[in-house]
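First comes the structure, then the notes that go with it.
The values are calculated or read from the model by the stated rules, or taken from the named source; none is laboratory data. From a predicted model like this one, the values you see are computed outputs, not experimental measurements. Here the Cβ positions follow ideal geometry from the backbone for every residue, glycine too, while neighbour counts run over all protein chains shown.
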Amino acid sequence: MKISNETKIGVLAAAALLALILGFNFLKGSSLFQHTKKLYAVFDNVDGVEVSNNVQVNGLTIGSVTAINESDQDLSHGIIVTITMKKNVHIPSNSIAEINSSLLGSASIVVDKGDATSYLDDGDTLLTKKKANLLSQVQESVNPIIVQLGGTLKSLDSVVQQVGLMFDPKTKNNFSAIIANLSASSAQLQILLNAQTGYLAKSLKNVEGFTANLDKNNDHITHTLDNVEKTTANLASAKIPETVATLQATLNQMKDLVGKLNSNNGTVGLLLNDKKLYQNLENSTRSLNILLDDFRVHPKRYVNVSVFGRKDKSGPLTAPIADSASKPNK
């Protein structure tokens, strides 16, 4: 069977038309060969959003914008954006969609996943929220800076005025004196910092000599520190609290003894403090001395050892002979 040229042209035109339709829908982000789920989102402003813009969840492109339509003639109910899903992913029912604009003017729709256990089905509408575009954010950030800059400029103007008032003839003379003082101070500082004769150089040399001496005597210092450590160890091991307690007890006993000596209780206390007892002892000692002297001078009065002797009829002594105890022995 021979096919006419007209038939060939018609088939070719139909194929070209089909390819044009398929290509146009492909550019729009839709496919004619598979069933896709559609979701809707309503925004008050879709500035930057165009057909075929991406729709992302966690950075993953799950679909694209396939249509942007008005809700009514007055746009009182917002603008309806149709989203065609390309990925078979679950979108929780409380997920929120927002428009993410860029500096180049293009935009994408970003879906912030919720935590609901139910998911959106074909034909459901996403929750949306308004997000300020990048230009608005920059403007909001710049406005406070501009206000602060205005206040800074005013303060700078006041400072300039004050500086202008400071440069009158009297103030200039004061500034000259201040500069002269600064010059003198810098000269003194230069002398102080002189590497050869400056006081600071001498002080540093003294410090260097001191540190050198410390380095030379490092072994002696170490030995001294060891001795100090041993001494502190011995002090730590010594029973100082027990010794102090014993000494305190001894002092208490001495205190009690001294108290008893100072009191009139007891023999020693009476002997030390009672004057009458002392006088009695002195009288007794004198009487004993008289008795001994009398016994030595008149022994026959007390012991008669002679058969033919005569009795000593002299009277007894009434006072001791010169006290031999007070004379040195020859």
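Worth a mention:
- Answer from 75, 60 - the residue that is loosely packed, with under 12 Cβ neighbours inside 10 Å, of a type outside the set (D, E, K, R), closer than 20 Å to residue 127 by Cβ and at pLDDT below 90: 75
- Candidates 219, 226, filtered to the one that is at pLDDT 75 or above, part of a helix (DSSP H, G or I) and exposed (fewer than 10 other Cβ atoms within 10 Å of the Cβ): 219
- Once the stretch 129-166 is narrowed to residues that are assigned to a helix (DSSP H, G or I) and among the small types (Gly, Ala, Ser), the residue that is modelled with the lowest pLDDT is 136.
- Tally, over the stretch 279-311, of residues that are in contact with a helix residue (DSSP H, G or I) (Cβ under 9 Å, 6 or more places away or on another chain), in a helix (DSSP H, G or I) and modelled with pLDDT under 75: 1
- Pairs are defined by a Cβ separation below 7 Å, a sequence spacing of at least 6 or placement on different chains, a first member in the stretch 74-93 that is on the phi > 0 side of the Ramachandran plot, and a second member that is among the small types (Gly, Ala, Ser); the pairs so defined are 78/71.
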